[in-house]
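See structure below.
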Amino acid sequence: MTPSGSSVELADLPPSPAVWCSGLRKRYGRRTAVDDVSFSVARGEVLGLLGPNGAGKTSVIKMLLGLVRPDAGEVLLLGRRASDPRSRSAVGYLPELFRYQPWLTPTEVLDLHVRLARSDVPPAERRECLALVGLAGRAGDRLGGFSKGMQQRLGLAVALVARPELVVLDEPTSALDPIGRVDVRDLVLSLKSRGVAVLLNSHLIGEVERVCDRVVILDEGRVAASGTLAELLGQREVRLRLAGVDGRAEDRLRAAGSLAHSGDWFTVQLSADDDGVTVPDLVRDLVGLGVRVHAVEPVRISLEERLLAVLRHEEVSP
């Protein structure tokens, strides 16, 4: 095979995952913090890391980033071994606990991190980064007067300023008010739309459910469950309160999915690959058949219910 042929074949290969880890283990004294953890994060994917306090989430993140050396296991970041400093050159990181010098300004903090990352980010782009997290008007203020929420916003700006391909967020909304949480949610979705991978560790399960493509649940240092939200939560159902249902309407309901009914309530089980148009189309067709639609209620267990069931070793029926 010629060198040119080799390069063509390599160019045709799919990009490596943003994160790949296998068999991670870590002990602190007699306590096993992480035990045989394996998962991956694809490019442009948002993966949520869930679990109770002490489950090993932050230890896993620190091993991925080379801040803690694993006792066993392998890590690849953006196609490079985590032991290679170049693997972290395109990674943005917001730690759970951090502190900046109170005499610095947000502008000075970003300038410092751009130099540390050896990244060519012009001043205008750094200002845009501060605006993105809502700190444009405080760019020249000393951090000593910042609230915890404002410092959290600055930490997000630091994680994003060097144009990362992978962003690791460890409890990014812990000090933020509801508006700040919505801002972080929009920011994560914006990163995803640009092909940036995001690894999100958060106790706010509702936020994880809104933005994540897949979830890994850790318990006592091990992976207790993982998968897409559809896989973890099971098939969705929709309940409809209907009047005037005849044979034709029942046939239309059965065409949408497995049907059960009690009185004037009809329950349709939707397929796992439902594209979101089944229910609107069903309601439209039922109205066209003369059915009166009094209520439409989606039914599915929440991610919180699923998480609690996994941690309690219970079975949950979707």
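The values are calculated or read from the model by the stated rules, or taken from the named source; none is laboratory data. Please read all numbers here as calculations on a predicted model, not as lab measurements. Every residue, glycine among them, receives a Cβ derived from its backbone with ideal geometry; neighbour counts consider all protein chains shown.
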| note | Taking the range 34-45 and keeping residues of a type in the set (D, E, K, R) and out of contact with any helix residue (DSSP H, G or I) (no Cβ under 9 Å at 6 or more places or on another chain) leaves D35, D36, R43
| query | What number goes with the only condition from (1) among the small types (G, A, S); (2) within 22 Å of the chain's Cα centre (by Cα); (3) within 22 Å of A162 (Cα to Cα); (4) at pLDDT below 90 that G54 does not pass? | reply | (3)
| message | So in the range 62-90, with the set limited to residues that are closer than 20 Å to R25 by Cα and without any contact (Cβ under 8 Å) to a residue 12 or more places away in the chain, which one is surrounded by the most Cβ atoms within 10 Å (Cβ to Cβ)? | response | K62
| query | Any chance the range 46-60 includes a residue that's surrounded by 19 or more Cβ atoms within 10 Å (Cβ to Cβ), in contact with a helix residue (DSSP H, G or I) (Cβ under 6 Å, 6 or more places away or on another chain), of a type outside the set (A, V, I, L, M) and part of a loop (DSSP other than H, G, I, E, B)? | reply | yes
| note | With criteria (1) over 19 Å from L156 (Cβ atoms); (2) touching a residue at least 12 places away in the same chain (Cβ under 8 Å), D111 comes up short on (1)
| query | Any residue in the range 164-176 that is in a helix (DSSP H, G or I) and either modelled with pLDDT of 90 or more or surrounded by fewer than 17 Cβ atoms within 10 Å (Cβ to Cβ) (or both)? | reply | no
| message | Yes or no: the range 54-63 includes at least one residue that is among the hydroxyl-bearing types (S, T, Y) and closer than 30 Å to F146 by Cβ. | response | yes
| message | Here are the criteria: (1) within 23 Å of V182 (Cα to Cα); (2) outside any helix (DSSP H, G or I). Tell me which single one R126 does not satisfy. | response | (2)
| remark: By residue number, the members of the range 213-238 that are in contact with a strand residue (DSSP E or B) (Cβ under 8 Å, 6 or more places away or on another chain), touching a residue at least 24 places away in the same chain (Cβ under 8 Å) and farther than 14 Å from G51 by Cβ are D213, R214, L229, Q235, R236, E237, V238
| remark: Per the list (1) in contact with a strand residue (DSSP E or B) (Cβ under 8 Å, 6 or more places away or on another chain); (2) closer than 22 Å to P95 by Cβ; (3) outside any loop (DSSP other than H, G, I, E, B), residue check on R241 breaks on (2)
| message | Six or more apart or on different chains, Cβ atoms under 9 Å: show the pairs whose first residue is in the range 173-200 and under 13 Å from L132 (Cα atoms) and whose second is buried (at least 18 other Cβ atoms within 10 Å of the Cβ) and aromatic (F, W, Y). | response | none
| request: State which residue is nearest to E165 (Cα to Cα) when the search covers only the range 26-39 and only residues that are touching a residue at least 12 places away in the same chain (Cβ under 8 Å) and surrounded by fewer than 17 Cβ atoms within 10 Å (Cβ to Cβ). | output: S38
